[in-house]
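Worksheet: the structure to be examined is printed underneath.
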Amino acid sequence: MTEGVPKSSLRGRFITFEGGEGSGKSTQIKILADRLNAAKLRAIVTREPGGSPGAEIIRHLVLSGMGKLLGADAETLLFAAARDDHVHAVIKPALEQGIWVLCDRFADSTRVYQGRLGDVPPGVLNAMERVTIGDLKPDLTIILDIPVEVGMQRAAARRGNAAPDRFESENVAFHQKLRDAYRDIAADDPARCVLIDANTDANTVATNVWTALRDRVLTTDATREVTRV
Ligand code: TYD
């Protein structure tokens, strides 16, 4: 597709958003996509589990609680199968065409939900990552951090009368561990991750997301113009 052209000059940027329930990921991704598009950078928004037709079918299965019945290892395999399809059908082709990919959750979600909370050993997760994502590493991972009670209240308000999904129905202790796990990932990989306080209004969070992007990603010739936006 991009034969003869150095990949680095054309490749889109891969930005992932992570965080607990009610942290505002989808709002922030949309704001960022609009901002990039306004700056004439092509960007798509996608999500995990899901994002490609095959992976959306698996999403339905896991969020219905079906994966939980199979046990943590098998549930992890379902997330990995979904990721494999998503990476190969959507993410890599877009990046190769120079399109930015903004992804709502990615491999860190597996590390946190299945690894830290589901006790799936790191060796198993490493093996699955080798197969599904290989050397595809996000250029930047935005981790939205919010106190558990606030996030759970927001998620409940958004849900209305609908039943909570597989993970929303877990208790406060689960969500606290989740938050701690994300904070640890941010501390362990500061070159890739930025932890952003999401316990404030959406505009302030969006400004902080943009600043992180500007300082860490929009530094090459191809994208420098955008920093003036
Ligand atoms: P979703 O409705 O997309 O929720 P959210 O708004 O919180 O992103 O549900 C996705 C759920 O799947 C979420 O609770 C996290 C969980 N999940 C995993 O357990 N492992 C994974 O690898 C991924 C991508 C998601």
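Overview of values
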read-out: Residue, farthest from the ligand (Cβ to nearest atom), within segment 78-94, restricted to residues that are among the hydrophobic types (A, V, I, L, M, F, W, C) and surrounded by fewer than 21 Cβ atoms within 10 Å (Cβ to Cβ); value: Ala94
read-out: Qualifying positions in segment 66-77 - within 11 Å of the ligand (Cβ to nearest atom) and farther than 15 Å from Asn126 by Cα; value: Gly67, Lys68, Ala72, Glu75
read-out: Scan of segment 102-124 for residues that are surrounded by fewer than 19 Cβ atoms within 10 Å (Cβ to Cβ) and near the ligand (Cβ under 10 Å from one of its atoms), ordered by number; value: Leu117, Gly118
read-out: Members of segment 10-22 found to be at pLDDT below 95 and part of a loop (DSSP other than H, G, I, E, B), listed by number; value: Arg11, Gly20, Glu21, Gly22
read-out: Among residues of segment 168-191, those that are assigned to a helix (DSSP H, G or I) and among the acidic types (Asp, Glu), counted; value: 3
read-out: In segment 17-64, the residues that are of a type in the set (Gly, Ala, Ser) and more than 11 Å from the ligand (Cβ to nearest atom); value: Ala33, Ala38, Ala39, Ala43, Ser52, Gly54, Ser64
read-out: From Arg154, Arg179, residue being surrounded by 13 or more Cβ atoms within 10 Å (Cβ to Cβ), modelled with pLDDT under 95 and among the basic types (Lys, Arg); value: Arg154
read-out: Residue in segment 151-167 that is of a type outside the set (Lys, Arg), part of a loop (DSSP other than H, G, I, E, B) and away from the ligand (no atom under 13 Å from the Cβ) present; value: yes
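The values are calculated or read from the model by the stated rules, or taken from the named source; none is laboratory data. Here the structure is a predicted model, which means the values were calculated and not measured. FYI the Cβ positions are ideal-geometry reconstructions off the backbone, even for glycines, and counts take in every protein chain you see.
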